[in-house]
Amino acid sequence: MNCLEFRRISLSEPGNRAQDYLGHRNQCEDCARYAKSVNDLDKKIENALRVPVPDDLAARIKLRQVLLAEQDNRMTEWLRPWRFGLAASLLLVVTLGGLFGYEVHATNQYVERLTVSAVDHTRIERQGNHFVAEHADPAKQMLRFKQVLAAFGGNVMEDELAAIGEILHIQVCALGPTYGPVAHAVIRGQQGAVTIYYVFGRKAGSRKQFERGRFDGMLLSVGNGNFTIIGNRGERLSSIADTLEQAIVWKI
Amino acid sequence: MTSSNNSTPEPVSVDMRKSRQEKYDILIEGLAEDLYRFACWICRDRVQAEELVQETYLRAWKSIDSLRDAASAKAWLFTILRREYARQFERKRLQVQDVDDMGELPAGKIGFDTSTEAFVLRQALARLPEDYREPLVLQVLGGFSCDEIAETLGISSSAVMTRLFRSRKQMRELLGEDAVRRNGMGA
């Protein structure tokens, strides 16, 4: 077996136990390392997908078997699709009228809540000063930034993004219960640290500036959400927003 | 080559001479957890996942007499689950397509690991074409062999191997694994 064939099998059956496969792995250090990296990635995927199983799952399955089998048959008879169709049509007619006005109002409310949450989060972050402790390799920080943004559907072009300056910190965090996972980066600005959040959700529309406490902020709608950029007063937020806009291609 | 794959965990042994109820109980004890985790991944909601697993077992109960081969019990149950998911949740999934496209996973709600690394991995996985993603999840999470995946998906073993090869290759590309190794940045 040659190295090419070994790696092909490694990627399709990492647990292969065929003699020629195992033999090659024992003889070729590069391939052994490659197989290990494939296995390590599988383990990470497995751990990332592993969820706790409810203790009483089996008991509930058995209970359901006894209690619901008959009831299910009766319900199926009653729940004819046309009944749902009729109800849905009526609901659509009633709600369509109020939908447009609600949309504008809801966007304004969303933007207000988002900026408040982002500034609060930034204030807490600055008090803790967590990111200052990070002195990671710039290439690793850039790779991590790319990986995190890719998870949100953004393809980062490194050359373009370099203009943004030093990336001090990048992670996925929770901004609050409303927003789900959020990309959270801190970069070095001209007036101190600048915090950047990327949040999925209702798009704010055109670029919006805001001021809260000692912070200036800017909202930039891209992809399927918004960047919220927060820096100290007088920070070059427009220039940072320009860089983010130009350096990231979004999968929509 | 597929028959040599020995990556599957301890197989569930179903004695076909046992009574319906005994066979059913073995299927629950041996496979409910694997089914639940797979259901969590495809539904992305714990409540729906449990509902799906329960429906799967109800259907399995109704047709347990059609299970002739003990060795294929696991693939048989997963096939029922996939069909049940398609039947029950296809409409719902279409409604939330935008959310799926955004890669939003309600990780906390499901109970997934919420670390950045796990999030990045799940998002990379979510970005794989479905044809590539499902065999990989079945193999990594369900511990299926290529032959079992082939049976579950209704395709040939060689097609499964091709998809698994491409899915892992794409995962490594999406995660920058190969680049990291090339640049000597990896561990």
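FYI, it's all coordinate maths here, none of it is from the lab. What you see is a predicted model; the values in this text were computed from it and never measured.
For residue A:33 and residue A:124, the difference between the fully extended length at 0.36 nm per residue and the C-alpha to C-alpha distance is 28.5 nm.
In this structure the amide hydrogen of residue A:165, modeled in the peptide plane, comes within under 5 Å of no amide hydrogen from residues 5 or more places off or on another chain. Couplings 3J(HN,Hα) of the stretch B:130-135, computed from phi: 4, 4, 8, 5, 5, x Hz, in residue order, whole Hz [Karplus 6.51 cos²θ - 1.76 cosθ + 1.60, θ = phi - 60°; x for Gly and Pro]. Close amide H partners of residue A:224, meaning residues 5 or more places away or on another chain with modelled amide H under 5 Å apart, do not exist here. Shown in residue order for the stretch A:19-24 are the 3J(HN,Hα) couplings computed by the Karplus curve 6.51 cos²θ - 1.76 cosθ + 1.60 at θ = phi - 60°: 4, 5, 5, 5, x, 5 Hz (x for Gly and Pro).
Measuring between alpha carbons in the structure, the pairs from A:43/B:23; A:208/A:251; A:43/B:169; A:44/A:146 lying more than 21 angstrom apart are A:43/B:23; A:208/A:251.
Annotation: amide H-H contacts under 5 Å for residue A:15 (H modelled 1.01 Å from N, sequence separation of 5 or more, or interchain): none. Spatially, the stretch A:165-231 and the stretch B:33-81 are offset by 42 Å when compared through their Cα centroids. Remark: the stretch A:161-170, residue by residue, has Karplus-estimated 3J(HN,Hα) of 6, 4, 5, 6, x, 6, 8, 7, 7, 8 Hz, where x stands for each Gly or Pro and the curve is 6.51 cos²θ - 1.76 cosθ + 1.60 at θ = phi - 60°.
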